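Everything on this sheet refers to the single structure shown next.
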Amino acid sequence: MAQFESKVSVYDTLRHSITNLVYKPGQELDTTALADQLGVSRSPVRDALLRLSGDRLVDIFPQKGTRVSLLNKEILRQERFMRISLELGVLEECMKTLSDSSKREIFVTKMQGTLVAQHACLLDNDTINFLRLDDKLHHLLYTQANCEWVWETMIAHTGNDHRIRILSCSANEIPKLVESEHEQIINAIKENDTDRLIKLEKAHLSRLYGEIVELERSFPEFFE
């Protein structure tokens with residue numbers, strides 16, 4: 001049985017399970033069972049669930065129970081809008097740091113290395129690590145732009161976005177499309193073409209808007 005020493009670690013563990021669909025949208029959550037599973041008292045579990053409610057990941061019904069929040073299309077739209085708005089600005093800052101061709105070559109090599117690892121996950125049908133490396137690839141842009149805090153803030157407020165990305169990657173052709181788009185984005189950085197990069201990135205991040213209708217049709221029990 002896992003042992004936790006702080007409310008933060010209980011929160012992080014539950015959040016990870018929810019955003020990675022270990023606990024499915026609409027699934028009931030029992031405080032006592034979670035406390036036993038994590039090896040803690042019910043108090044830190046209740047505190048963690050309250051925080052997750054603020055993240056729009058958990059619904060708490062007083063005197064009734066707690067469940068994993070269903071996917072809300074308006075929340076999904078706003079979380080994706082947040083990411084697009086932030087990331088396009090970060091890209092411009094990132095490219096300002098890569099005017100030197102040698103620095104740009106080093107950065108592109110780092111991105112290509114991550115892309116190779118992501119391809120291995122694609123071949124292995126490993127969705128969770130495919131998305132982990134997807135995040136790593138995008139995180140490189142924020143790090144290069146000296147926008148680490150922006151990344152951390154964005155990730156903290158886009159848990160539902162991560163859930164819909166998990167569902168999206170369950171579609172057979174989507175991971176291949178993501179990989180192809182990443183290759184184009186890396187090439188634009190390599191060629192120092194900021195305008196093309198911005199257009200590619202906006203299309204890459206906006207594609208999810210059009211997938212939600214089909215995902216709702218495939219997984220109606222996960223949506224409000």
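The values are calculated or read from the model by the stated rules, or taken from the named source; none is laboratory data. Everything quoted here is computed from the prediction, not taken from an experiment. With ideal geometry, Cβ positions are generated from the backbone for all residues, glycine too; neighbour counts draw on all protein chains shown. With ligands, DNA and RNA removed, areas are computed over all heavy atoms of the protein, side chains included. Shrake-Rupley method; radii C 1.70, N 1.55, O 1.52, S 1.80 Å.
Just checking, does segment 25-40 include any residue being part of a helix (DSSP H, G or I), free of Cβ contacts under 8 Å to residues at least 12 places away in the same chain, touching a helix residue (DSSP H, G or I) at 6+ places or on another chain (Cβ under 9 Å) and over 27 Å from Phe223 (Cα atoms)?
Yes, segment 25-40 contains a residue that is part of a helix (DSSP H, G or I), free of Cβ contacts under 8 Å to residues at least 12 places away in the same chain, touching a helix residue (DSSP H, G or I) at 6+ places or on another chain (Cβ under 9 Å) and over 27 Å from Phe223 (Cα atoms).
Pick from Asn146, Asn125: which is surrounded by fewer than 20 Cβ atoms within 10 Å (Cβ to Cβ), in contact (Cβ under 8 Å) with a residue 24 or more places away in the chain, not in a helix (DSSP H, G or I) and not acidic (Asp, Glu)?
Asn146
Could you check, for segment 21-44, whether at least one of its residues is over 17 Å from Ile166 (Cα atoms), open to solvent by less than 50 Å² (accessible area, probe 1.4 Å), among the polar types (S, T, N, Q) and within 24 Å of the chain's Cα centre (by Cα)?
no
Of everything in segment 91-104 that's in a helix (DSSP H, G or I) and farther than 23 Å from Lys202 by Cα, which residue is nearest to the chain's Cα centre (by Cα)?
Per the criteria, the residue is Lys103.
Which ones in segment 53-67 are open to solvent by 50 Å² or more (accessible area, probe 1.4 Å) and charged (D, E, K, R)?
Listed by number, the residues that qualify are Arg56, Lys64, Arg67.
Restricting to segment 157-184, name every residue that is in contact (Cβ under 8 Å) with a residue 60 or more places away in the chain and either assigned to a helix (DSSP H, G or I) or crowded, with 19+ Cβ neighbours inside 10 Å (or both).
Thr158, Gly159, Asn160, Asp161, His162, Arg163, Ile164, Ile166, Leu167, Glu179, His182, Glu183
Kindly provide the set of residues from segment 186-200 that are in contact (Cβ under 8 Å) with a residue 40 or more places away in the chain and either open to solvent by less than 20 Å² (accessible area, probe 1.4 Å) or aromatic (Phe, Trp, Tyr) (or both), ordered by number.
Ile186, Ile189, Leu197
Looking for something hydrophobic (A, V, I, L, M, F, W, C), more than 20 Å from Met82 (Cα to Cα) and open to solvent by less than 70 Å² (accessible area, probe 1.4 Å) - is there at least one such residue anywhere in segment 202-216?
Yes: one or more hits.
Out of segment 42-90, which residues are more than 19 Å from Ser17 (Cα to Cα) and part of a loop (DSSP other than H, G, I, E, B)?
Across segment 42-90, the qualifying residues are Pro62, Gln63, Lys64.
Condition first: free of Cβ contacts under 8 Å to residues at least 60 places away in the same chain and either surrounded by fewer than 17 Cβ atoms within 10 Å (Cβ to Cβ) or among the hydroxyl-bearing types (Ser, Thr, Tyr) (or both). Now tell me which residues in segment 68-97 satisfy that.
Glu74, Gln78, Phe81, Ser85, Gly89, Glu93, Lys96, Thr97
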